[in-house]
1. Residues T145, T103, T109, T169: which one is among the hydroxyl-bearing types (S, T, Y) and in contact with a Cys (Cβ under 7 Å, 6 or more places away or on another chain)?
2. Working only within the stretch 111-133, note down all residues that are assigned to a strand (DSSP E or B), over 16 Å from N15 (Cα atoms) and touching a residue at least 40 places away in the same chain (Cβ under 8 Å).
3. For the stretch 19-29, state whether one or more residues are farther than 19 Å from A176 by Cβ, outside any strand (DSSP E or B) and either over 13 Å from the mean Cα position of the chain (by Cα) or among the small types (G, A, S) (or both).
4. Among (1) out of contact with any His (no Cβ under 6 Å at 6 or more places or on another chain); (2) in contact (Cβ under 8 Å) with a residue 40 or more places away in the chain; (3) among the aliphatic types (A, V, I, L, M); (4) assigned to a loop (DSSP other than H, G, I, E, B), there is one condition V142 misses while meeting the rest; what is its number?
5. Read through the list (1) closer than 27 Å to A47 by Cα; (2) surrounded by fewer than 16 Cβ atoms within 10 Å (Cβ to Cβ), then give the number of the only condition that I71 fails.
6. From (1) over 18 Å from I39 (Cβ atoms); (2) assigned to a loop (DSSP other than H, G, I, E, B); (3) under 17 Å from the mean Cα position of the chain (by Cα), pick out the condition that doesn't hold for M154.
7. Which of the residues belonging to the stretch 178-212 are at pLDDT 95 or above, touching a Gly at 6+ places or on another chain (Cβ under 9 Å) and not in a helix (DSSP H, G or I)?
8. So E137 ticks every box in (1) in a loop (DSSP other than H, G, I, E, B); (2) closer than 30 Å to Q175 by Cα but one. Which box is left unticked?
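The values are calculated or read from the model by the stated rules, or taken from the named source; none is laboratory data. The shown structure was predicted, so the numbers you read here are calculated from the model rather than taken from an experiment. With ideal geometry, Cβ positions are generated from the backbone for all residues, glycine too; neighbour counts draw on all protein chains shown.
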Amino acid sequence: MVSMVSPIFDVDLGNDSVLVSWINKRSGVILRSRKLTVIVDPVGVDATDFKKADVVLITHEHPGHFNSLLISRIRSIFKSKILAPRPVIEKLVGRVPEKHLITISPGSTWEINGNEIFVEKSNHMALEPVSFVIRFENGITVFHTSDSLPFPEMKETGENFDLDIVFCTVGIAPQASYESGVRIAKLTKPRVAIPYHTDTRESINIFVKRLFEENLKGRDLEIFEVFEYKRDNCQ
């Protein structure tokens, strides 16, 4: 049976690829390799829409990014680990067994089955927002920027991690636009920049066009579409 959210769970993938699906109009995404399924900021979906969730990452406490009841349900079904900043963890205590809760902050790292998750800062108006770099066991590396605006240290993140995919906020968040998304891509220089956190197709289209003008590669996604990334296809 195909997932209600995305067919991502029904796609056979090789050792050299990572699957990506955008699941809401904010920063909700599914990332899947052969050995790890990561759910980031799931909101507006149901726990039964997923077939696997090894790790759930939450960037901050805003309701467009965090729903405590949904996180509790996902954890109870899949026994997922929940990585989140302190203000989010505090809202989950009592709903989720503490052994499944991992409090994180910029500079934290976490390893599972040969995959690594690095916690970075986020330039967003929240209590203690974070972003994530996920390095999969096959070396493919994804930067989930939450709904951050660009900031200078993003350049160091790009240089330090040799990024394959970067998600770029192009709308909805305060001061965010396709231009701020383009600045994120220019700072981090990924092989592929994916626009998200928007409720208009126009902002996505302009973002991809502007990247082309900057000699950078963009890949637009529809909600629930599956993108299979292979590094050899993006050189």
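1. It is T145.
2. I112, I117, F118, V130, S131, F132
3. Within the stretch 19-29, none of the residues are farther than 19 Å from A176 by Cβ, outside any strand (DSSP E or B) and either over 13 Å from the mean Cα position of the chain (by Cα) or among the small types (G, A, S) (or both).
4. (4)
5. It fails just one condition, (2).
6. All conditions are met except number (2).
7. K189, P190, V192, A193, I194, P195, Y196, H197, T198 - these are the residues of the stretch 178-212 that are at pLDDT 95 or above, touching a Gly at 6+ places or on another chain (Cβ under 9 Å) and not in a helix (DSSP H, G or I).
8. (2)
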